[in-house]
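K.L.:
Encoded as C-alpha cells, here's the structure I'll be asking about.
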Amino acid sequence: MSYTLGVDIGTFETKGVLVDASGAIIAQATRSHKMLVPQPGWAEHCAETDWWGDFVYVTKALLCDSQVNSEEIAAVACSAIGPCMLPVNAAGKPLMNGVLYGVDTRAAAQITELTERIGADLIMARCGNALTSQSVGPKILWLKQQRPEIYALTAKVLSATPYLTWKLTGDYVIDHYTAANFSPLYDVNKLAWTDDLAADILPLDRLPRLAWSTEIAGHVTAQAAQETGLAVGTPVTVGTIDAAAEAVSVGVKDPGEMMMMYGSTIFMIQLTALPVRDARMWYAPWLYPGQHASMAGLATSGTLTHWFRDQFARELGEGAFGVLAREAADSPKGAKGLLCLPYFSGERTPIHDPQAVGAFFGLNLTHSRGDLFRAVLEGIASGTAHVMEVCRALGTEPVRVLAVGGGTKNAVWMQATSDIGAVPQIVAENTIGASYGDAFLAAVAVGRVLPDEISVWNPVARVVQPVAEAVYARQYPLWKRLYSQSRDVAHELGGGA
C-alpha cells in the first residue's frame, strides 16, 4: 500500500488528489457546486449532494483515472469548509442544509444574547475567542429558537468534515481545531466540551467525540466502500477544516509561520508558541497536541471576484477572469483614486461586523471596468493588511508568509497584498491546496512521513516581494476611515432591510 488519498470540500468546488509515498501527484479530480443564499446573510450547502455526493464523485474519478487498486491506498483524509452547523437525526440523516462558516451571519441576535448573558471576558478566558459569526454555538441556539421542530429531532450537530467522516466510518468524531469554533461549548484550556457557560444550547452528548486531526477516526465501512470504490477497512483520519489542511500543504509547521489562503475567502493561520487571545482574531489548538494557531479571515474575497465577474463580465465566458486580470493590470496602482470596501457579506476579522456593507467610493466618469476590478483586489488586499496590522500590534508579526490558493495565479492581487500589507509572500511549487495537505496528513497518520517533512514534498517555487508605493501609503488610511465613517449608515441601511 503506497498511496494516500485526500479530498477537500470547498465553498464552490471539491478537489481530490491521490499521491504516492514521495508526495508525487498520481491523479487529481474536481467537481463544482454552488453556495446557496436563501436570503441575505445566509449561506448554505446541501450536505448529501455538495459534501458527500462530491466526495463520492471525486474519489471514483481518482481511482478510475489512476487505475490504482483501492487496496493499495494506505489511508484517506478529508477536510472541508468550516466551522459549519449541520443537525442530523438518529440515523445520521441531515435535517436541513448545512449552515456555513462565518459568511453566514443569521445568528447575530444569538451572539449578542450569549455574550451579554455569559460575559465577553469569561467567554474569552474559557473559549479563547469572542463570539462572532464564525462561532457554531450561537447558530445552534438559532436552530433551537427559530427551528424548534428540527432541533427536537437533532441527535448530533456536525460540521462538514465530521459529516464526511461519519459517512465513511459510521463514527461521529471531530478534531480539536474545528471544535474550538463551537464556542461557547468548547473549553480551550481543558481541550474538552463544556456546558458550564450555556447549558441550554445543546446537550453535550449530541456533539461528536473529540480527537486530533491525524488520529484514525475509523475505517471505511462496507456501505461507504460500495458507494466510493474505496476498500473496506481503509483507515480514515479525523480530518480538519480546509484552511488548516491548506496551511499544512504549503509548509506551515513552525511558530511564526503564516498561511495566506486565497480562496472564496482570504483565510490566515499563524502558528504561535503560546495561545494568542484577542477579540479581533480567532484562536484554536493546532492539529497536533501542544501547538497553537492564531487565525483571521475575511468574509468575501474570491466570492467577491466571482460576483464581479458574473455581474460585469458574464459575456466573456470561461476566459472572463483572464480578461479582468489583464484589465486590472492596465489600471494604475490605486485604481485612479477608487476605494472598495469588500464587505459584501459583512466582515469577519478584525472588525467582526456582520452589518458592514460593500462599497465603491471615489467613482467618476473616467473609471473603467478594469479600474473597478483593481479596486476590488486592492480592497481585499487592504482587508488583509488590516489583519497584519493587528498581528504587529499583538507582537506576532509572521516570520514567513506562505501563500496558496487560486488567487496566487492573479499577479495584481498578489502584488497588492504584499505592497499594502508590507509583507513578502512565499509560493510553494504545488498550490493545489487542502486536498494535497489532506493526503500528507493521511501519510502522517499511518506513519509514512513525519509532520515536518512537508517541505520535502512541496518545496518553495517563488517569492513575491513588497514594493513601497506612495499611492497605497495615502489610500490605505483613507480605506480604513471609509469604513469607520460610514459604519452607522451601513447599520441603519441593514436595519431597514
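Read the figures in this text as sums done on the coordinates, not as results from a lab. These numbers were taken from a predicted model, which means no experiment stands behind them. Reconstructed Cβ throughout: ideal geometry from the backbone, glycine too, with neighbour counts over all protein chains shown.
K.L.:
Extent of the chain along each principal axis, from alpha carbon coordinates, in Å, largest to smallest?
P.N.:
Cα extents, longest axis first: 64, 51, 45 Å.
K.L.:
With no solvent and one point per C-alpha, what does the Debye sum give as log10 I(q)/I(0) for region 3-243 at q = 0.07, 0.10, 0.11, 0.12 Å⁻¹?
P.N.:
-0.23, -0.46, -0.55, -0.65
K.L.:
Please give the FRET efficiency for Ser22 paired with Val399, using the beta carbon to beta carbon distance and R0 = 41 Å, rounded to the nearest 0.05.
P.N.:
Once rounded, the FRET efficiency stands at 0.90.
K.L.:
Related question: Under the rule a/c < 1.5 gives rounded, and otherwise a/b versus b/c splits prolate from oblate, where does region 422-497 land using the Cα gyration tensor?
P.N.:
In terms of gyration-tensor shape, oblate.
K.L.:
Can you list the aspartates and glutamates whose alpha carbon sits under 12 Å from that of Lys333, skipping same-chain ones fewer than 8 residues off?
P.N.:
Asp371, Glu378, Asp419, Glu469
K.L.:
Related question: Count neighbours as other Cβ atoms within 10 Å of each site's Cβ, and list the GluC sites (Glu not before Pro) in region 370-448 that are DSSP loop with at most 15 such neighbours.
P.N.:
Counting only loop positions with at most 15 other Cβ atoms within 10 Å, the GluC sites (Glu not before Pro) in region 370-448 are Glu429.
K.L.:
Could you tell me which GluC sites (Glu not before Pro) in region 107-169 are loop residues by DSSP with no more than 15 other beta carbons within 10 angstrom of their beta carbon?
P.N.:
Here no GluC sites (Glu not before Pro) fit, given the DSSP loop and packing criteria.
K.L.:
Tell me what the chain gives for mean residue ellipticity at 222 nm when only DSSP H runs of n ≥ 4 count, each as -39,500 (n - 2.57), the sum divided by the residue total, rounded to 500 deg cm²/dmol. Mind showing how you got there, number by number?
P.N.:
On the way: 16 runs with 178 residues, N = 497.
The helix-only estimate for the chain comes to -11000 deg cm²/dmol at 222 nm.
K.L.:
What length, rounded to one decimal in nm, is gained on full extension from His491 through to Glu469, with 0.36 nm per residue of separation minus their alpha-carbon distance?
P.N.:
Full extension of this stretch gives 4.6 nm more.
K.L.:
Okay, next question. What are the membrane-span-like helices in the chain by this rule: whole DSSP H runs, Cα extent along the axis at least 24 Å, mean Kyte-Doolittle hydropathy at least -0.5?
P.N.:
369-393
K.L.:
Follow-up. Could you check what % of the DSSP bridge pairs in the chain are antiparallel, to the nearest 5?
P.N.:
Values: 50 of 71 bridges.
If I count the DSSP bridges inside the chain, around 70 percent turn out antiparallel.
K.L.:
Simple spin-label model, 7 Å along Cα-to-Cβ: Gln146 to Cys46 in nm?
P.N.:
With each label point 7 Å from Cα toward Cβ, the separation is 2.1 nm.
K.L.:
Rounded to the nearest 0.05, what FRET efficiency do Asp200 and Gln39 have when you use their Cβ-Cβ distance and R0 = 22 Å?
P.N.:
After rounding to 0.05, the efficiency reads 0.25.
K.L.:
Where in region 1-107 are there trypsin sites (Lys or Arg not before Pro) that are in a DSSP coil and have at most 16 other Cβ atoms within 10 angstrom of their Cβ? Could you put the intermediate results ahead of the total?
P.N.:
Working: sites: Lys15, Arg31, Lys34, Lys60, Arg106; in loops: Lys34, Arg106.
Sites meeting the loop and neighbour criteria: Lys34.
K.L.:
Hey, another quick one. Report the FRET efficiency, 1/(1 + (r/R0)^6), for Ala329 and Glu429, where r is their Cβ-Cβ distance and R0 is 30 Å, rounded to 0.05. Could the numbers behind the result be given before it?
P.N.:
Numbers: r = 24 Å, r/R0 = 0.81.
The computed FRET efficiency comes out at 0.80.
K.L.:
Still on this structure: Would you please classify the overall shape of region 316-400 from the alpha carbon gyration tensor, given that a ≥ b ≥ c denote the square roots of the eigenvalues, rounded means a/c under 1.5, and beyond that prolate means a/b larger than b/c while oblate covers the rest?
P.N.:
prolate
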